[in-house]
Structure formats: C-alpha cells, structure tokens
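Quick notes on the structure that follows.
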C-alpha cells in the first residue's frame, strides 16, 4: 500500500482554430483571476475577443457606496481589458450579488451572443466549488449556467423572438463554451509568454483589491500558484485550465 496521491491526468490543449470569442462573466475581475493571460495569448494571435460583464460589481466593496463603486469598477475593467488586447467591454447592468438563474438572465446573455456572433464563448466556473472546500459564489454559478443555456437560445429564432424584431438576428455559430477555473476542467492553454500581461490585468483592479483589505495580496504570486501546476499537467511552464462544453443544436 502507498499513501501517495494519484498523479492528475494530463490536460488536453484547447483548440485555437477560431477567430472570435465572447467572454461572459458576472463581475469585473472575474476574467482576471486566471483567464486574462489566455486572452492576451489569443488577442496576440489576432483573434477578436469581447468582454461582457453581467453586473458592474457595485456591491463588491464594503466601504464604497455602490453608485461610486460601479464607476470605479467599470473603469478598472476597461483598463484591465485593454492590457490584454480587448477593446470592447459590455456592461449589462444587472444587480450585483443577487443574480438568479432564469429567463431574464438567459435573455440578456442571448442578446449579447446574437450581437457579437462569437465562435467560442468563455464564462466563469459555475460548479459549486473551486475544488475541495472552496465554495463558489452565487453570481458565478447563475451566470455560468445561464450562459451555457443562452448560447443555445441564441441559435433558435423562436426563443426571445422580440430580439429578432429589433434586428438582432439568431446566431448558432458557437461551437464550444469554455468555463475557466472549473474543478472539472480537462483542457488548458499555454500562458507562459503572456503570464505577465495577465498579472498586470489583475493588478489593474486596484480599488477592488484594496477594498477587500488584501494588504499583502500579490497578483503575481496568486496567479502563479495556479498557473504552474496547470502548466505541469499540460507540459509547459504555465497554463490556465477550462472545462469544455461542445454545443449541439437539437432540442
């Protein structure tokens, strides 16, 4: 007998034969806690990536009134996106902290998918935890689940048909949805060359990090803690992982 833990299975590399992606997450900073370096890799390849923030993170800083926090966090997110080559950031303005999975959320996200017409959609981990005892946050769970369904909704002209009436045509061209940081992820991408851009992107959320009281928080150390073991499983120095959902368009 042995007490050694089993060796984790190697990650499979993500496909990169696409041109347009849309990232849909709950809050400003959600992309930066792991996935932004991957975005920097892809924009560096000439791919077009758009960010969509379902909320503006206005309830995320205890010591700052939500109206002011909204302004700060939107500005930080726009700058953070710029650092990794993302020029367009949509803010849907839904209420931070109390998002609910359901038709309203699916409708809002489906419209964004129809407008931007991506091939790949990226979202946050929507499993109950990040692995072990680290529980996920309710908004992340709601947005991730709704995104997965909204991508299919977007391809059906008879779902949310009022959008078509406003000139937003159905879009069934999404081939996969990727959930960043999922404990059930089996795929990853090499971020060795763009890791520093990911660090700078996270550091741009200064008001939020300061508001959390993380006086000794080191963005580089935090991101490296996940990137190195993930890289080991991909066979590279640093990587970030995703759970991949392939899309089928039948009911």
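Every read-out reported here was derived from the displayed coordinates using simple, explicitly stated rules and does not represent laboratory data. What you see is a predicted model; the values in this text were computed from it and never measured.
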In nanometres, the difference between 0.36 nm per residue of separation and the alpha-carbon distance of residue 9 and residue 215 is 70.6 nm
Max mean-square fluctuation residue, GNM over the chain, Cα-Cα springs under 10 Å, options 215, 138, 188 = 215
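For the range 2-145, rounded, prolate or oblate, judged on the Cα gyration tensor with a ≥ b ≥ c (square roots of eigenvalues), a/c < 1.5 rounded, else prolate if a/b > b/c? Mind showing how you got there, number by number?
Working: a/c = 1.58, a/b = 1.17, b/c = 1.36.
Taking the square roots of the gyration eigenvalues as a ≥ b ≥ c, the range 2-145 is oblate.
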Entry for Cα extents along the principal axes in Å (calculated from the structure that is shown) out of [x] 68, 33, 27; [y] 60, 44, 38; [z] 73, 43, 34 = [y]
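Give the relative contact order (percent, whole number) for the chain; include only Cα pairs under 8 Å separated by 6+ residues.
In percent, rounded to a whole number, it is 26.
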